[in-house]
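For reference, the structure is listed below as structure tokens.
Read-outs throughout are calculated quantities, based only on the coordinates presented, and are distinct from any laboratory measurement. This is a predicted model, so every value here is computed, not measured. Cβ sites come from the backbone with ideal geometry, for glycine too, and all protein chains shown count toward neighbours.
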Amino acid sequence: MKQKEIVSGFVQLGKLMCALGENEDWKDFNIGVTESEYEQLQGIINRQVAYNGWFTKENVRKSLLNLGLQLTEEKLTAWTSNYGFSTDPKRVGIIMAGNIPLVGFHDFLCVLIAGHIAVAKLSSNDKTLLPALAQHLVEFSPGLKDRIEFSTGRIGKIDAVIATGSNNSIKYFEEYFGKYPHIFRKNRTSVAVLDGTEEPEHLRRLGEDIFAYFGLGCRNVSHLFVPESFELNRFFEAIVDHGEIIHNNKYGNNYDYQRAVYLMNQIPLLDNNFVLLRESSDLFSPLAMLHFERYSDLNEVKERLEREAENIQVVVGKEFEAFGSAQCPSLSDYADGVDVMSWLETI
């Protein structure tokens with residue numbers, strides 16, 4: 001099978017994902033599916049929240065659109081031109097997380113577009129979206145039919161593995177999969193560095209980095225570095241449009257729980273009725289809470305970021321990644337900074 005055929009299939013899939021992400025009405029067969037098939041996919045999107053309360057249709061559509069926008073012929077061709085294509089397909093296990101919709105899609109894309117066989121173990125929290133999309137991918141690129149396998153239980157025979165989980169699951173990964181060529185990923189989080197000159201629009205976009213997918217992703221900002229003189233009310237005013245998040249039962253329950261625990265323990269908090277701010281040096285914060293840390297020397301912050309590099313996925317700020325872009329990675333923005341495509345060339 002030629003890589004060009006696989007690219008073509010993903011390009012068509014990207015058009016479909018964008019249409020679903022934008023919640024467009026079915027217009028014609030240019031998106032690759034019939035009106036009936038399109039309605040079936042819409043139904044799958046709408047039902048996700050019944051299986052997983054975090055997977056609202058808005059969040060599922062957001063993920064579909066962000067991913068679909070990367071699947072253009074121009075972007076895929078430019079990206080793949082930097083790598084080889086295997087003529088000896090290996091069975092690559094992909095142990096997928098389920099914290100945000102389609103979080104394992106990029107690994108799935110990498111394995112297939114590099115010429116290998118994707119043996120995916122789906123998370124119980126996200127077990128229907130990717131198979132539904134893959135069904136149409138195979139229609140667009142029939143040669144992939146024997147290169148995609150899904151399971152929710154024990155993973156089948158593999159030659160290599162990509163596993164994403166928590167710090168606790170790393171021991172499990174090493175025990176069961178350490179003998180294979182592997183990429184193991186554990187907990188990471190993202191941070192923002194403010195210098196005090198941000199416009200309200202910058203801070204509004206920062207809200208996207210914090211609240212997208214309810215803050216459940218490793219690319220979500222959980223910690224703010226702010227100058228000593230920074231007025232936090234500026235931040236609160238800029239993120240007010242995200243207040244609707246509190247109406248999600250699961251998020252609201254987390255907010256109420258964290259607020260009660262910290263108040264009972266008389267730990268100082270700032271509260272705007274939908275997110276809690278606590279002054280802390282810990283980069284990781286509980287759901288519905290954001291940590292902030294004041295600084296007087298930006299160079300010291302940069303040194304801290306270097307020391308904590310293995311715990312940080314993304315840094316946003318004027319000198320770093322753009323505000324509002326944390327949950328919109330490009331094809332070459334690899335998790336944990338590990339180039340999956342280069343690694344696949346070595347197995």
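Going 7 Å from the Cα of residue 88 along its beta-carbon direction, which residues of the stretch 132-162 have the amide nitrogen within less than 15 Å of the resulting point?
Only 159-160 pass the distance filter.
Give me the net charge for the shell around residue 55: Cβ to Cβ below 14 angstrom, other residues only, Lys and Arg +1, Asp and Glu -1.
After counting each charged neighbour, the total is +4.
Quick one, which of (i) 56, 52, 36; (ii) 60, 46, 36; (iii) 62, 42, 42 is the actual Cα extents along the principal axes in Å calculated for this model?
Computed from these coordinates, Cα extents along the principal axes in Å corresponds to label (ii).
Would you work out the charge dipole size for the chain about its Cα centre, treating the Cβ of every Lys and Arg as +1 and the Cβ of every Asp and Glu as -1, and quote it to the nearest 20 debye?
1320 debye
For the chain, what does the relative contact order come out to in percent, with C-alpha contacts under 8 Å and a separation of six or more?
Relative CO of the chain lands at 17 percent.
May I ask which residue of 136, 38, 152 lies farthest towards the positive end of the charge dipole of the stretch 3-185, with charges of +1 (Lys, Arg) and -1 (Asp, Glu) on Cβ and the Cα centre as origin?
152
Counting pairs of alpha carbon atoms under 8 Å apart in space and at least six apart in sequence, what relative contact order in percent does the stretch 230-296 give?
Answer for the stretch 230-296 is 24 percent.
Quick one: putting +1 on the C-beta of Lys and Arg, -1 on the C-beta of Asp and Glu, what dipole do you get for the stretch 210-324 around its Cα centre, in Debye to the nearest 20? Could the numbers behind the result be given before it?
On the way: 10 positive and 18 negative charges, 65 e Å.
The dipole of the stretch 210-324 has a size of about 320 debye.
For every other residue with a beta carbon closer than 12 angstrom to the beta carbon of residue 15, add +1 if it is Lys or Arg and -1 if Asp or Glu, then tell me the sum. Let's see the in-between values first.
Numbers: positive: 27; negative: 22, 24, 28, 73.
Charge balance in the 12 Å sphere: -3.
Find, among the GluC sites (Glu not before Pro) in the stretch 144-247, those assigned to loop by DSSP (not H, G, I, E, B) with at most 13 other beta-carbon atoms within 10 angstrom.
228, 231
In the stretch 34-119, which chymotrypsin sites (Phe, Trp or Tyr not before Pro) are in a loop and have at most 13 other Cβ atoms within 10 Å, using DSSP for the loop call?
Numbers: sites: 38, 51, 54, 55, 79, 83, 85, 105, 108; in loops: 54, 55, 83, 85.
Nothing satisfies the criteria.
Which aspartates and glutamates does residue 145 reach when only Cα atoms under 20 Å apart count, and residues fewer than 8 places away in its own chain are ignored?
Partners found: 5, 37, 88, 107, 159.
How big is the charge dipole of the stretch 219-274 about its Cα centre, in debye rounded to the nearest 20, if each Lys and Arg gets +1 on its Cβ and each Asp and Glu gets -1 on its Cβ?
So the magnitude is around 240 debye.
Treating cross-link reach as a plain straight distance, find the aspartates and glutamates whose alpha-carbon is under 14 Å from the alpha-carbon of residue 75, omitting any fewer than eight places away in the same chain.
In chain and number order, the partners are 333.
Which listed residue (320, 252, 217) has the Cα farthest towards the positive end of the charge dipole for the stretch 189-346, taking +1 on Lys and Arg C-beta and -1 on Asp and Glu C-beta about the Cα centre?
252
Under 12 Å from the Cβ of residue 318, count the other residues' Cβ atoms, weight Lys and Arg +1, Asp and Glu -1, and hand me the total.
Cβ neighbours under 12 Å give a net charge of -4.
Please identify every one of the trypsin sites (Lys or Arg not before Pro) in the stretch 173-257 that sits in a loop by DSSP and has no more than 11 other beta carbons within 10 Å of its own beta carbon.
Answer by residue number: 179.
Choose one of 84, 305, 273: the residue whose Cα lies farthest towards the positive end of the charge dipole of the chain (beta-carbon charges +1 Lys, Arg; -1 Asp, Glu; about the Cα centre).
So the residue we want is 84.
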